[in-house]
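Following: one structure in structure tokens, then a few remarks.
The values are calculated or read from the model by the stated rules, or taken from the named source; none is laboratory data. The model shown is predicted, which means the values in this text are computed figures rather than measured ones. Virtual Cβ from ideal backbone geometry, glycine too; neighbours counted across all protein chains shown. SASA here: full protein model, heavy atoms, side chains in, ligands and nucleic acids out. Shrake-Rupley method; radii C 1.70, N 1.55, O 1.52, S 1.80 Å.
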Amino acid sequence: MFSTKTFPMLTAAMAITVGILAPAVNAADTPPAEPESAVVEHPEARTLAEQQRIQGYWTPHRMQQAYHEGEVPDPVGWDADKLPDQDRTKPNSGAIWGGAGQIAKSVGRLFMNVSIYNLSTKELETRDLSCTATVVDSPSGSTVVTAAHCLMGRPYFKDGDPTKGQDTTRPVWDTKAYFVPGYRDGAKPYGGFTVNTSFIPKSYFEKGDLGSDVAMLAMNPAADGRTIAAVTGTQRIQFNAPRSTGQFTYNFGYSADSSGQQEPWKTGQLLGYCAGPTTKNTDTPQWNHWGMRCDMVKGSSGGPHLVNFDVTTNTGTVVGVNSLGRPTPDGSFKDATPLGDTAYRAYLRAQQPPRGD
């Protein structure tokens with residue numbers, strides 16, 4: 001296993017003074033244990049026409065409607081994003097983050113068109129859904145991390161029978177992936193970005209291994225040619241980070257409850273967070289998942305788990321991404337897939353320049 005690595009945050013304003021930060025380690029010096037074949041590469045929006053088509057598809061209304069049917073809650077209209085005054089250094093099982101700051105720029109809502117199997121027609125249908133993703137520091141300035149299950153699914157059932165479980169031999173990629181950093185009730189304060197290429201572990205693509213439920217995205221540049229990191233700034237990222245019981249961790253996500261619940265941080269329209277000590281999921285130790293008490297629901301998948309998070313600078317180090325919710329006698333936990341060797345390999349692959357067809 002390669003040595004633990006942390007990559008520092010880099011913003012456009014800090015680019016010329018990066019020397020004052022902890023220096024980045026040259027990732028190429030210690031290649032990950034897994035070969036390049038351990039990662040599956042998938043082309044996304046490679047042409048300008050395709051990028052424009054996706055940009056046009058995700059209208060404010062369509063983004064607001066993801067996970068909703070009918071009327072969409074309006075938390076911004078309630079001034080919910082101007083809340084709260086709680087002490088953000090204390091444990092919290094779920095609340096609106098509110099306000100601006102670096103975390104509200106580098107974390108955003110990732111939209112996608114997902115395939116769902118219709119048992120009546122025996123055909124695939126599509127639905128607009130969303131996850132959460134984070135811009136992380138990287139040599140290319142174009143790298144975003146999220147969960148692998150936000151990029152692909154297994155909509156088919158064995159023999160078309162739901163009682164027999166998913167047909168793992170027929171994975172289907174989601175389409176129209178579109179990332180909006182700092183998303184806010186249909187608004188795009190820092191613009192919207194299409195994905196050039198996505199990279200996920202082969203173990204997840206072929207077997208659905210939740211121990212590798214992570215994806216790296218190589219983003220297309222903004223309309224003015226800037227990289228996404230130059231627009232939003234970044235969060236640090238660390239691979240094979242040491243974890244321990246009780247380690248204080250922050251978890252961010254766009255939690256979207258479609259049940260009619262009107263809590264502002266569960267509408268999907270504003271960034272929510274949880275914070276507190278983590279524990280390992282001992283029910284499924286093979287996944288090496290670590291989680292915290294957190295009431296986030298759908299839409300928070302792929303959201304970052306950050307350690308060493310500074311509430312004054314809104315910056316920390318991503319060590320995992322939301323994968324599963326876990327009910328316990330003590331309440332709901334949100335478990336993260338750790339960033340290990342294969343995630344590191346995917347990260348290296350994502351440093352390629354944007355490709356065209």
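Sort 162-171, 135-144 by packing, meaning the average of other beta carbons within 10 Å per residue, with the highest value first. Each step should come with its number before you reach the end.
Values: 162-171: 12.2, 135-144: 23.9.
Per-residue Cβ counts within 10 Å, averaged per peptide and sorted highest first, yield 135-144, 162-171.
Assign unit charges at the C-beta atoms only (+1 for Lys and Arg, -1 for Asp and Glu), then state the dipole size of the chain relative to its Cα centre in Debye, rounded to the nearest 20.
On the way: 32 positive and 35 negative charges, 78 e Å.
Computed about the Cα centre, the dipole is about 380 debye.
When N counts the residues of segment 88-144, how does its alpha-carbon radius of gyration compare numerically with 2.2 N^0.38 Å, as a ratio? Could the numbers behind the result be given before it?
Details: Rg = 17.5 Å, N = 57, 2.2 N^0.38 = 10.2 Å.
Scaled against compact globular proteins, the figure is 1.71.
Distant-in-sequence amide contacts of Ala95, defined by a placed amide H-H separation under 5 Å and a gap of 5 or more residues or a different chain, comprise Tyr273. Normalised per residue, the accessible area of segment 269-319 is 32 Å², obtained with a 1.4 Å probe and no contribution from ligands, DNA or RNA. Given q = 0.12, 0.16, 0.22, 0.24 Å⁻¹, what are the Debye log10 I(q)/I(0) values for segment 251-323, with equal point scatterers placed on the Cα positions and solvent ignored? Debye intensities relative to I(0), on a log10 scale: -0.35, -0.61, -1.01, -1.12.
Any chance you could check the Cα centroid distance between segment 216-234 and segment 52-100 for me, in angstrom? For segment 216-234 versus segment 52-100, the Cα centre distance is 22 Å. The trypsin sites (Lys or Arg not before Pro) found in segment 225-279 that occupy coil by DSSP, while having at most 16 further C-beta atoms within 10 Å, are Arg226. For the peptides 51-61, 185-195, the ranking by mean Cβ contacts within 10 Å, running from highest to lowest, is 185-195, 51-61. Peptides 284-290, 68-74 ranked from most to least packed give 284-290, 68-74, packing being the mean of other C-beta atoms within 10 angstrom over each peptide's residues. Of all lysines in the structure, the ones whose alpha carbon falls short of 29 Å from that of Lys176, not counting any fewer than 8 places away in one chain, are Lys105, Lys122, Lys158, Lys188, Lys202, Lys207, Lys266, Lys298, Lys334.
Applying both filters, DSSP loop and at most 15 other Cβ atoms within 10 Å, to the chymotrypsin sites (Phe, Trp or Tyr not before Pro) of segment 63-110 gives Trp78.
For segment 87-235, the relative contact order works out to 27 percent when only alpha carbon pairs closer than 8 Å and six or more residues apart are counted.
Solvent exposure of segment 41-131, expressed per residue, is 51 Å² of accessible area, with all protein chains present and a 1.4 angstrom probe. The gain in end-to-end length when the Leu119 to Gln286 segment is fully stretched comes to 56.8 nm, 0.36 nm per residue minus the alpha carbon separation.
Ignoring ligands, DNA and RNA, what percent of the 1.4 Å accessible area of the chain is carbon and sulfur? Answer for the chain: carbon and sulfur cover 53 percent of the accessible area.
Placing R0 at 30 angstrom, the Cβ-Cβ distance between Asp159 and Gln65 gives a FRET efficiency of 0.35 after rounding to 0.05. Stokes-Einstein diffusion of segment 207-330 at 20 °C, 1.002 mPa s viscosity, Kirkwood radius from Cα pairs, rounded to a whole number: 134 µm²/s. Dividing the Cα radius of gyration of the chain by 2.2 N^0.38 Å, with N the residue count, gives 0.93. Sequentially through segment 284-300, phi angles give Karplus couplings (6.51, -1.76, 1.60; θ = phi - 60°) of 10, x, 5, 8, 6, 7, 10, x, 9, 4, 6, 9, 4, 10, 3, x, 8 Hz, Gly and Pro residues having no value and appearing as x. The Cα-based radius of gyration and maximum Cα-Cα distance (Dmax) for segment 141-253 are 17.1, 50 Å. Rounded to the nearest 500, the helix-only mean residue ellipticity at 222 nm of the chain stands at -3000 deg cm²/dmol, with each DSSP H run of n ≥ 4 adding -39,500 (n - 2.57).
Segment 259-320 and segment 120-168 have their alpha-carbon centroids 19 Å apart. In order along segment 40-45, phi translates into HN-Hα couplings of 9, 9, 10, x, 10, 8 Hz, rounded to whole numbers, per the Karplus curve 6.51 cos²θ - 1.76 cosθ + 1.60 with θ = phi - 60° and x for Gly and Pro.
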